[in-house]
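S.K.: Take a look at this one; I'll ask things after.
The values are calculated or read from the model by the stated rules, or taken from the named source; none is laboratory data. Model, not experiment: these values are computed from the prediction. Please note: Cβ atoms are built from the backbone with ideal geometry, for glycine as well, and neighbour counts cover all protein chains shown. We work out accessible area using only protein heavy atoms, side chains counted, and drop any ligands, DNA or RNA first. Shrake-Rupley method; radii C 1.70, N 1.55, O 1.52, S 1.80 Å.
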Amino acid sequence: MTTGLEPRGTERASWWTTGQIATALGVSPVLLRAWDSRYGLGPARRGPGGQRLYGPRELQRLRRMSVLVNQGVRAGTAAGLVLSEAVTPAWSRLRADEIDRAAAAVDLHALAGLLDELLAGHGTIAAWVDVLAPVLRRQGERWQAGESAFAAEWALAGAVSAALERQVARLPPPPRDPPVLLACCAAERHPLPLQVLAAVLREAGVPVVFLGEMVAPGVVVRTAVRLDPALVLLWSMTPYTADAPLLAELACREVPVRAAGPGWYPVGGRVGPVLDGLPAALRVISSHVGRDLLG
Ligand code: B12
C-alpha cells in the first residue's frame, strides 16, 4: 500500500513533489504554487518531466511558512520572515533564554510551542547546535554548581524529544532499505544527541530505528540480528554507561557496529575509533548507506 507520500524517483530519499509536500504540510498544491510565484518559496529543481522537486531545505522553509500562516501572520510578512531569517548569535541567545525560562518554569505548553517553531524554522541541526545544546550545557553547569535544576532538565529534555518526534512524524515515509539502528547502552539515560541524529537521518530520507534510552543488551542484540541493519550505533554519553562486552558481542555476530558518544573515551582503543560528533557520525553512516549525507 502506498500513502502518496513516498519520495520521488531514483533519488527518492531526498526529493519530494508538490503533491507530497502539500500532503505533508496539510496545504493545497495550488497554495504552494502561489507561495512560489508570489514570494519565491519554490522548489529546488525540476525533475526530468519538468515536475517541481523540493529538497529538505525547501521543505523546512515551507514548514516554517505554514506554521507562521497558521499563527495568523499574513502570508507576505511570513514569507519575508522565512526568507530573511538567519541564525545569528544574538538571535540564538534570545531563543535559548526564552527556552531556558520556559524549562525553569516547567511550562511544557510554552516549551512545545517554542520548540516546534524553532525546529520547523531553522532545521534540526542548526536548532540543536546553536540553541538547544547550549541551553542543555547551561543546565548541566547549574547542576554541577549545586543548583537543584533536575525538573528543568527533565522538562527540557522531554520536550525536545517530543518535538523531534512530532517533526519526524510529519516526514514522508523513508524507503524500505536496511535501517540504521541507534541504541543507548543499558544504563544510559541521555539519549538526546542520538535522537537528534535519528531526526537528521530521517530528514535525509535514511530509514532509522531509534530504540531510545536504557536499552537492555539482549534487546539490542536481538533487534540487530533481526533487522540486518546498515549500521548499529551504540551510544554512551557518560563514562559509567559504556558497555564494551555488548559491542564485542554484536561484532562477533557480524553486525556492523560502532561506538558513539563521549562515554566511550575512558574505555580506550579496544572498542575501535569512537564516533565523537554529528559530522563524524554522518560521515561514517554515509559510507554504510551509500549516500553522501554531509553534502
Ligand atoms: C538533560 C540531562 C539529564 C536528563 C536526561 C534526559 C534525556 N531525555 O536526555 C536526566 C535528568 C535524566 C539526567 C540524568 C542524569 N545525569 Co544528566 N545531564 C543532562 C544534561 C543537562 C544534558 C544532556 C544532553 O542531552 N547533552 C547534550 C549536549 C548538550 O551536551 P554536549 O556535551 O555538548 O554533547 C555533545 C557530545 O555528546 C557530542 N557527541 C560526542 N560524540 C557524539 C557522537 C554522536 C553520534 C553524536 C550524535 C554526538 C556526539 O555531541 C553532543 C551534542 O552536540 C547534561 C549536561 C551536558 N553538558 O550535557 C547532564 C549530564 C550529562 N548529566 C550528568 C549526570 C551526572 C547525570 C546523573 C548521573 C545525575 C544524577 N545523579 O541523577 C543522571 C543519570 C544519568 C545516567 N544514568 O545516564 C553529568 C555527567 C557527568 C559525567 N560526564 O559523568 C552531566 C554532564 C551534568 C554535569 N555537568 O555534571 N541528565
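S.K.: Test of understanding: in a Gaussian network model of the chain with alpha carbons linked when under 10 Å, which of Leu94, Leu136, Leu197 would top the mean-square fluctuation ranking?
M.R.: Residue with maximal mean-square fluctuation among Leu94, Leu136, Leu197: Leu94.
S.K.: Using Cα springs under 10 Å in a Gaussian network model of the chain, which residue among His122, His190, His109 shows the largest mean-square fluctuation?
M.R.: Among His122, His190, His109, the largest mean-square fluctuation in the Gaussian network model of the chain belongs to His109.
S.K.: With the cut-off at 1.5 for a/c, could you classify region 180-289 from its C-alpha gyration tensor as rounded, prolate or oblate? Intermediate values should be presented prior to the final figure.
M.R.: On the way: a/c = 1.33, a/b = 1.16, b/c = 1.14.
Since a/c stays below 1.5, the shape of region 180-289 is classed as rounded.
S.K.: Would you please put 43-49, 77-83 in order of how densely packed they are, using the mean number of other Cβ atoms within 10 angstrom per residue and starting with the highest? Mind dumping the intermediate values first?
M.R.: Details: 43-49: 12.1, 77-83: 16.6.
Descending mean neighbour count gives 77-83, 43-49.
S.K.: While we're looking at this one, here's another question. Could you tell me what percent of the DSSP beta bridges with both partners in the chain are antiparallel, to the nearest 5? Walk me through the numbers on the way to the answer.
M.R.: Values: 4 of 17 bridges.
Taking every DSSP beta bridge with both residues in the chain, the antiparallel ones total about 25 percent.
S.K.: Residues of the chain: accessible area per residue at 1.4 Å, in Å²? Before the final figure, lay out each step's value.
M.R.: Details: 14290 Å² over 295 residues.
Solvent-accessible surface per residue comes out at 48 Å².
S.K.: Here's something else I'd like to know. Tally up the carbon and sulfur contribution to the accessible surface of region 89-169 as a whole percent, 1.4 Å probe, everything protein left in place. If you can, show how the numbers build up before the last one.
M.R.: Details: 2380 of 4000 Å².
The nonpolar share, carbon plus sulfur, comes to 60 percent.
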